[in-house]
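Report on one structure; see the data block that follows.
The values are calculated or read from the model by the stated rules, or taken from the named source; none is laboratory data. What you see is a predicted model; the values in this text were computed from it and never measured. Note that each Cβ is placed from the backbone with ideal geometry, even for glycine, and that neighbours are counted across all protein chains shown.
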Amino acid sequence: MERILADVEKLCFDKELFPIMEKVEKGERLTFDDGMTIMGTEDLNTVGMLADYVKRQRVGDKVYFVVNRHVNPSNICAISCRFCAFGVTKKSPNAYELSHEQILSMLSDDIREVHIVGGLHPDWKFEHYLDIIKLVKTNFPQTHIKAFTAVEIDWFTELTGKDIEWVLQTLRENGLDALTGGGAEILHPGIRKKICAPKTVATRWEEIHTIAHSIGIPTNATILYGHIEELFHVVDHLDRLRNVEDESPGFLAFIPILFQPENTGMKKEVKFFAGSYDLKVHALARLYLDNFPHIKSYWITLGEKMAQIALHYGCSDADGTIMREKIIHDAGAQSELGHTRDFMINMIKNAGFIPVERDALYNEVQVYN
Ligand code: SF4
């Protein structure tokens with residue numbers, strides 16, 4: 001360890017990072033100010049080497065991926081978030097609702113994880129959502145169901161008049177294995193107000209994940225970055241998530257999602273962020289979220305090549321095959337769709353890591369060494 005960090009110290013040209021380096025070496029928790037220093041430094045490579053060091057201490061050369069599918073049952077949504085290109089009203093010519101047959105036709109026996117999220121449908125009852133997860137569980141019992149954002153859980157409490165715990169328990173009894181990490185966007189109220197005013201507030205998002213963890217339902221957490229935020233908001237976001245995990249452990253992975261502006265109401269106000277910013281967000285996440293098992297390099301928004309680079313900046317997960325993704329591609333994502341298991345294996349191997357196929361709960365299915 002000493003040798004590695006001595007090498008990092010030799011290459012480092014921002015002396016402000018030295019105290020952070022010492023903390024990383026001693027395994028000490030970083031402070032909010034440390035987070036700001038990392039986001040503000042020009043010394044991207046030192047930050048990357050520190051994040052890679054922490055990642056390798058946890059899982060060595062392994063990078064996880066999953067054979068998965070995304071199912072978005074409907075894009076009809078009762079509210080409208082400015083950053084979203086997916087949600088539409090019932091009257092929109094683009095509105096759709098997937099039938100049970102259509103959902104089943106998207107799945108197959110080799111899939112380990114089904115990721116289900118959609119709009120807040122104004123007419124569907126809670127039972128409709130239960131039927132969807134029952135349908136998937138009954139037909140594909142070996143598949144984990146990672147479904148719904150905290151915003152959808154909040155919506156279900158409104159639909160049923162029941163509390164968060166009741167909704168989560170009922171979903172679990174019908175097949176839910178884990179919650180997704182969506183709906184977090186940026187938790188700071190100042191940004192939330194500007195990009196998704198009608199949505200579940202940050203404290204409620206945090207409460208839903210806290211309760212899910214307390215009853216044994218693992219969850220994930222995202223950040224939607226690269227739009228109008230300041231560096232401060234990124235650190236604040238991570239700080240809130242780290243506090244939730246301290247209070248009630250249960251997060252599986254943190255997923256940075258690079259904002260895609262096409263077809264959204266925010267296209268004209270998005271600031272310019274260099275590629276180094278993407279890498280810094282991922283590296284900071286690994287360094288700051290010392291209580292999160294995994295940081296994800298999400299090729300859907302980063303693109304496959306940048307996602308490979310992010311694996312060297314603290315990421316230990318490359319998501320999965322996905323096949324069909326609508327929410328982010330509606331907003332202009334350029335990544336290809338329909339990747340195979342072999343593609344994921346090669347993508348990870350070509351970046352210099354050992355691919356490990358996992359399920360939604362990070363149980364290892366196969367190591368491709
Ligand atoms: S982000 Fe979700 S809640 Fe907001 S408009 Fe889009 S689908 Fe609806």
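Quick check on this structure: which one of Lys305, Lys296, Lys326, Lys349 is in contact with a Cys (Cβ under 9 Å, 6 or more places away or on another chain) and among the basic types (Lys, Arg)? Result of the check over Lys305, Lys296, Lys326, Lys349: Lys296.
Of all the criteria given as (1) within 16 Å of the ligand (Cβ to nearest atom); (2) surrounded by 14 or more Cβ atoms within 10 Å (Cβ to Cβ), the one not satisfied by Lys91 is (2).
Residue under question is Ile76, and the condition is that it be of a type outside the set (Gly, Ala, Ser), crowded, with 17+ Cβ neighbours inside 10 Å and away from the ligand (no atom under 16 Å from the Cβ); does it hold? No, not satisfied. Pairs are defined by a Cβ separation below 7 Å, a sequence spacing of at least 6 or placement on different chains, a first member in region 135-156 that is of a type in the set (S, T, N, Q), and a second member that is modelled with pLDDT of 95 or more and within 16 Å of the ligand (Cβ to nearest atom); the pairs so defined are Thr149/Val117; Thr149/Thr180; Thr149/Gly182; Thr149/Gly183.
Condition check: surrounded by fewer than 23 Cβ atoms within 10 Å (Cβ to Cβ) and not acidic (Asp, Glu). Does Ile195 satisfy that?
yes
Here Val8 meets each of (1) under 30 Å from Tyr368 (Cβ atoms); (2) surrounded by fewer than 17 Cβ atoms within 10 Å (Cβ to Cβ); (3) at pLDDT below 95 with one exception, condition (2). Put simply, of Thr41, Thr31 the only residue that is within 20 Å of His312 (Cα to Cα), of a type in the set (Ser, Thr, Tyr) and not assigned by TED's automatic domain parsing to the domain that holds His312 is Thr41.
Each row is one residue, and each column tells you yes or no for (1) more than 26 Å from Lys91 (Cα to Cα); (2) among the charged types (D, E, K, R).
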site	(1), (2)
Gly119	no, no
Glu127	no, yes
Leu130	no, no
Phe140	yes, no
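Checked against (1) among the polar types (S, T, N, Q); (2) over 23 Å from Glu173 (Cβ atoms); (3) part of a loop (DSSP other than H, G, I, E, B); (4) more than 14 Å from the ligand (Cβ to nearest atom), Gln57 meets all criteria but (3).
Tell me yes or no: at least one residue of region 183-192 is out of contact with any Phe, Trp or Tyr (no Cβ under 9 Å at 6 or more places or on another chain) and in contact (Cβ under 8 Å) with a residue 40 or more places away in the chain.
yes
Taking the stated definitions as given, is Asp110 away from the ligand (no atom under 16 Å from the Cβ) and modelled with pLDDT under 95? Answer is yes for this residue. Taken together, the criteria place His115 among residues that are within 16 Å of the ligand (Cβ to nearest atom) and within 21 Å of Asp317 (Cα to Cα).
Among all residues of region 312-335, there is at least one that is in contact (Cβ under 8 Å) with a residue 12 or more places away in the chain, away from the ligand (no atom under 16 Å from the Cβ), part of a helix (DSSP H, G or I) and not assigned by TED's automatic domain parsing to the domain that holds Arg29.
Only one of the numbered conditions (1) away from the ligand (no atom under 16 Å from the Cβ); (2) without any contact (Cβ under 8 Å) to a residue 60 or more places away in the chain is not met by Ile300, and that is (1).
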